[in-house]
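One structure is given below, encoded as structure tokens.
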Amino acid sequence: MPRIFFVISVAVLAFLYGFVARHWNLFPSGPMLAAISDLRTLAQRTSKHHLGPIVYQESGVSVIDEARIAPGTTMITSYWPEFDWGTGIRMIDVDGDTLHRWRVVPDEIFGPPPRQIGRYQYIHGAHVFPNGDALFNIEMRGVARVDACGEVIWALQNESHHSIAEGEDGNFWIPGLELYTGDSEADREVLARFPGLRTPFFDDLLRQISPDGEVLQELSVLQILYRNGLQRYLAKQDLKKGDVTHLNDIEPLPTAIADQYPLFEAGDLVVSLRFPHLVFVVNPESGVVKWHESDLIIEQHDPDFIGDGWIGIFDNNMNNTDRGEMLGGSRIAAVRPHTGETEILYPTQGAQPFYTAWAGKWQQLDNGNRLITEARPGRVFEVTPDGELVWQWVHEPYDNRHVTEVKEGSRYPYTAEQIAAWACSPE
């Protein structure tokens with residue numbers, strides 16, 4: 001009996017020390033985190049962790065009203081059966097036929113992933129150039145540009161993630177981050193500037209990159225929040241999890257519509273932070289936040305300047321239900337900063353609801369339609385301004401119960417003839 005009590009006592013003390021070590025970053029907290037990270041990386045590289053339950057029974061394209069579909073071809077990033085369910089990009093036409101594809105093998109571009117928290121193997125943001133080059137980031141690995149045949153032109157292993165947005169100057173805004181573990185004096189100095197945070201934590205970066213792969217600018221998101229008195233939004237969440245802001249989009253205000261936004265000027269950035277449920281507009285030169293919104297949205301993505309003073313936002317409306325039943329699903333919300341007006345752009349009255357707990361994008365098309373990426377069920381669909389469905393594409397199932405998620409569907413003005421002229425396009 002004494003031996004049993006001894007074993008139990010040792011186990012209890014070990015558990016308590018483990019909790020204290022993790023809380024105060026004592027030994028062996030660092031090695032334990034590294035081991036956990038390695039296991040997480042291995043699982044993510046060898047499992048289909050982006051599979052979800054099938055929601056839509058029919059896959060492929062449905063053309064509901066061809067006359068009202070916005071012209072162009074659609075880029076889709078996902079996992080594909082022709083790549084053994086590895087990650088890649090397709091360009092498809094209105095009928096769903098594949099006009100071009102890029103296979104992406106992250107380890108061939110960046111090498112084996114180093115030790116890190118949250119290493120993934122999928123394309124998040126992407127951009128296709130008129131000549132068939134593709135720019136994309138592999139979540140938490142880096143950003144790369146490849147030609148139409150998939151040959152690497154350049155690659156930056158710099159922990160980029162989430163969206164890619166092109167500015168009118170031809171440069172790109174791509175989220176980045178830096179991990180602070182507290183193991184160095186420099187880390188501790190950074191921590192001292194951000195009261196309330198505990199290591200390890202990520203500081204997201206607003207990163208501007210040229211088409212040639214040169215890093216032009218980096219701005220600390222935490223620094224922006226603290227300098228503008230917005231750290232209260234961090235205090236409303238669990239600050240022990242490390243990923244305290246979860247930056248997912250940066251979009252610049254174009255000159256052509258800047259005069260429609262009285263509070264802002266051309267080049268100001270609208271920024272989305274998922275975990276504080278926060279969207280704000282900041283001047284990248286001064287670091288001054290000119291406006292922010294939180295009450296309207298829950299774990300949102302993809303805010304865009306859409307004209308007439310409005311900012312449209314993919315509001316995930318995250319809740320603890322399978323299909324968003326608690327709050328009615330996801331939505332495309334809009335806010336007009338200079339007046340305070342808000343509006344739900346989709347779903348409109350009587351329109352089909354949709355829901356993705358995380359990820360998701362939307363695009364305001366030139367004819368007024370909206371292209372929406374319902375990420376987790378693997379669906380991209382187009383609706384008119386009054387909410388009528390005119391086109392949709394649903395990913396083919398992975399098996400009889402699962403479908404792979406779609407990170408992005410974006411409409412490009414490229415014609416099938418233009419794409420056919422790219423090298424390595426199918427006959």
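If we sort 98-106, 56-64 on the protection proxy, mean other Cβ atoms within 10 Å, highest first, what's the order?
Numbers: 98-106: 19.6, 56-64: 13.1.
Those peptides, ordered most packed to least, come out 98-106, 56-64.
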GNM top mover of S220, S330, S286 - the chain, alpha-carbon springs below 10 Å: S286
Within region 211-233, backbone nitrogen closer than 12 Å to the virtual label 7 Å beyond the Cα of L191 toward Cβ: none
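If you roll a 1.4 Å probe over the heavy atoms of the protein chains, what accessible area per residue do you get for region 133-182, in Å²? Before the final figure, lay out each step's value.
On the way: 1450 Å² over 50 residues.
Counting only protein heavy atoms, the per-residue value for region 133-182 is 29 Å².
Roughly how many debye, to the nearest 20, is the charge dipole of region 209-357 about its Cα centre, given +1 on each Lys and Arg Cβ, -1 on each Asp and Glu Cβ, and no other charges? Present the calculation step by step, with values, prior to reporting the outcome.
Details: 10 positive and 22 negative charges, 129 e Å.
Using Cβ point charges on Lys, Arg, Asp and Glu, region 209-357 gives about 620 debye.
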E66-Q223 FRET efficiency (beta carbon distance; Förster radius 56 Å; 0.05 resolution): 0.70
D295-W358 pseudo-label distance in nm [points 7 Å out on the Cα-to-Cβ vector]: 2.9 nm
Gaussian network model of the chain, springs between alpha carbon atoms under 10 Å - residue of T356, T404, T348 with greatest fluctuation: T348
Pairwise FRET efficiency - E214 versus A266, Cβ, R0 = 30 Å, nearest 0.05: 0.85
Residues of region 382-427: accessible area per residue with a 1.4 Å probe, Å²: 47 Å²
Cα-based equivalent ellipsoid, region 280-427: semi-axes from gyration tensor eigenvalues, Å: 28, 22, 16
Charged-residue dipole, Cβ positions (Lys, Arg, Asp, Glu), the chain about Cα centre, Debye nearest 20: 2160 debye
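Can you tell me the alpha carbon radius of gyration of region 138-209 divided by the globular rule-of-thumb value 2.2 N^0.38 Å? Don't jump to the answer; show the numbers that get you there.
Details: Rg = 15.5 Å, N = 72, 2.2 N^0.38 = 11.2 Å.
Taking N as the residue count of region 138-209, the ratio is 1.39.
Using DSSP H assignments, which helices in the chain have an axial alpha-carbon span of 18 Å or above and a mean Kyte-Doolittle hydropathy of -0.5 or higher?
Working: long enough: 2-24 (32 Å, 1.43); 29-46 (26 Å, 0.12).
Those that clear 18 Å and a mean of -0.5 are 2-24, 29-46.
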For region 172-214 and region 314-387, distance of Cα centres in Å: 31 Å
Accessible area, probe 1.4 Å, largest first, for residues E66, E382: E66, E382
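Compute the convex hull volume of the Cα atoms of region 229-317, divide it by the residue count, and report the result per residue in Å³ as a whole number. Display every interim value, and only then the final one.
On the way: hull volume 8.4 nm³, N = 89.
About 94 Å³ per residue, rounded to a whole number.
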Positive dipole terminus of the chain, leading residue within L219, A186, L135 (C-beta point charges): A186
Trypsin sites (Lys or Arg not before Pro) restricted to DSSP loop in region 226-321 with at most 13 other C-beta within 10 Å: K236, K240, K241
Length gained when the stretch E166-T255 is fully extended (0.36 nm per residue, less Cα-Cα span): 30.7 nm
All-pairs alpha carbon distance profile, region 150-294, 10 Å steps from 0, percent: 11, 40, 34, 14, 2
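Determine the shape class of region 355-427: with a ≥ b ≥ c the square roots of the Cα gyration tensor eigenvalues, call it rounded for a/c under 1.5, and otherwise prolate if a/b is greater than b/c, oblate otherwise. Mind dumping the intermediate values first?
Working: a/c = 2.24, a/b = 1.16, b/c = 1.94.
Oblate, because a/c is 1.5 or more while a/b does not exceed b/c.
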Accessible-area composition of region 160-293, carbon plus sulfur, in percent [1.4 Å probe]: 47 percent
Selection from H277, T74, S163 lying farthest towards where the dipole of the chain points positive, charges on Cβ: H277
Equivalent ellipsoid semi-axes, the chain, via Cα gyration tensor eigenvalues times 5, rooted, Å: 36, 27, 23
Label-zone membership for region 274-297, site K236, 7 angstrom Cα→C-beta point, backbone N under 19 Å: 274-282, 289-297
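Return the calculated 222 nm mean residue ellipticity for the chain, to the nearest 500 deg cm²/dmol, obtained by summing -39500 (n - 2.57) across DSSP H runs with n ≥ 4 and dividing by the residue count.
On the way: 8 runs with 74 residues, N = 427.
Helix contribution divided over all residues of the chain: -5000 deg cm²/dmol.
The values are calculated or read from the model by the stated rules, or taken from the named source; none is laboratory data. For clarity, every value in this text was computed on a predicted model and none was experimentally measured. Cβ sites come from the backbone with ideal geometry, for glycine too, and all protein chains shown count toward neighbours. Heavy atoms of the whole protein, side chains included, go into the accessibility calculation; ligands, DNA and RNA do not. Shrake-Rupley method; radii C 1.70, N 1.55, O 1.52, S 1.80 Å.
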